[in-house]
Amino acid sequence: QQRSQASLDRLLDVTEELLKERRFESILVADIVRRAKSSVGVFYSRFQDKADVLFALVDRENRLSIDAANQFISPEQFVGVPVGKIVRRGIQVLINNYRSRRHVLAPIIGLHLSQPDRYVFDNPVKERIQLVATMLVEARGSELDHPEPLIGVRMTIGFLTSFLEHLT
C-alpha cells in the first residue's frame, strides 16, 4: 500500500512539475512516466488517460486546501478580531490558494469547458468556504454593516471564486 501510494504521488508530483513548465496539451504520458521513473503500464493501471491525472491532482489539491481552510477557521484565532478583518484575511487566503494552484486549475477548467459532459468537476473548496462563511455570519453577522449579511457574504464568495476561475 505504501509503495502504491508513493508511486501515485510521484506521478502526480511530476505532472504538476510539468504543468509549471508547459501547457497540458504538450505533455505526453511518456513525459510523465519518464520523469517519474515509472512505466506506461503503471500509469494506465491508475488513470484512463492523462486528463484523469489532472482530476487526481485537483482532488489532492482540494484535500490540502480544505485542511488549510480548517486551520484558518479555527475559532481560537478570531477571538476579539473584527469580522471585517477575518473576511479580508479569508479572501487573501483564497487568492493565494488560487495563485498557487493556477497551473493545475487552468487545464482542468479548459477540459471542462471543451467537453462539459465528460469532464464534470465540483469545487469542494468553494463549498467549504461557503459553509465557513455561513457559520461566521450566523455567529457574528450582527457586526457586519449589511441588511442581509449572509446573502452579502455568499455573493462576495461566489463572485470572487468565479472571477478567479475565469482568470485561467
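Taking L28, is it hydrophobic (A, V, I, L, M, F, W, C), open to solvent by less than 90 Å² (accessible area, probe 1.4 Å) and farther than 30 Å from Q130 by Cβ? Taking the combined requirement at face value, the residue does not satisfy it.
Mind checking which residues of the range 37-51 are under 19 Å from Q5 (Cβ atoms), open to solvent by less than 70 Å² (accessible area, probe 1.4 Å), touching a helix residue (DSSP H, G or I) at 6+ places or on another chain (Cβ under 7 Å) and not aromatic (F, W, Y)? Within the range 37-51, S38, S39, V42 qualify. Here N96 meets the list (1) touching a Ser or Thr at 6+ places or on another chain (Cβ under 6 Å); (2) free of Cβ contacts under 8 Å to residues at least 24 places away in the same chain; (3) among the polar types (S, T, N, Q) almost entirely, failing just condition (1).
Can you name every residue in the range 24-48 that is of a type in the set (A, V, I, L, M) and at positive phi?
none
The set of residues in the range 92-114 being of a type outside the set (A, V, I, L, M) and either open to solvent by 50 Å² or more (accessible area, probe 1.4 Å) or touching a Gly at 6+ places or on another chain (Cβ under 9 Å) (or both) consists of Q92, N96, R99, S100, R102, H112, S114.
No other residue among R23, R3, R34, R63 is open to solvent by 40 Å² or more (accessible area, probe 1.4 Å), modelled with pLDDT under 90 and either in contact with a Ser or Thr (Cβ under 9 Å, 6 or more places away or on another chain) or farther than 30 Å from V87 by Cβ (or both) apart from R3.
Name, by its number, the condition in (1) under 19 Å from G110 (Cβ atoms); (2) of a type in the set (G, A, S); (3) modelled with pLDDT of 90 or more that does not hold for A51. For A51, the exception is condition (3).
The values are calculated or read from the model by the stated rules, or taken from the named source; none is laboratory data. Predicted model, so just to flag it, every value in this text is computed and none were measured. Cβ sites come from the backbone with ideal geometry, for glycine too, and all protein chains shown count toward neighbours. All accessible areas refer to the heavy atoms of the entire protein, side chains included, with ligands and DNA or RNA removed. Shrake-Rupley method; radii C 1.70, N 1.55, O 1.52, S 1.80 Å.
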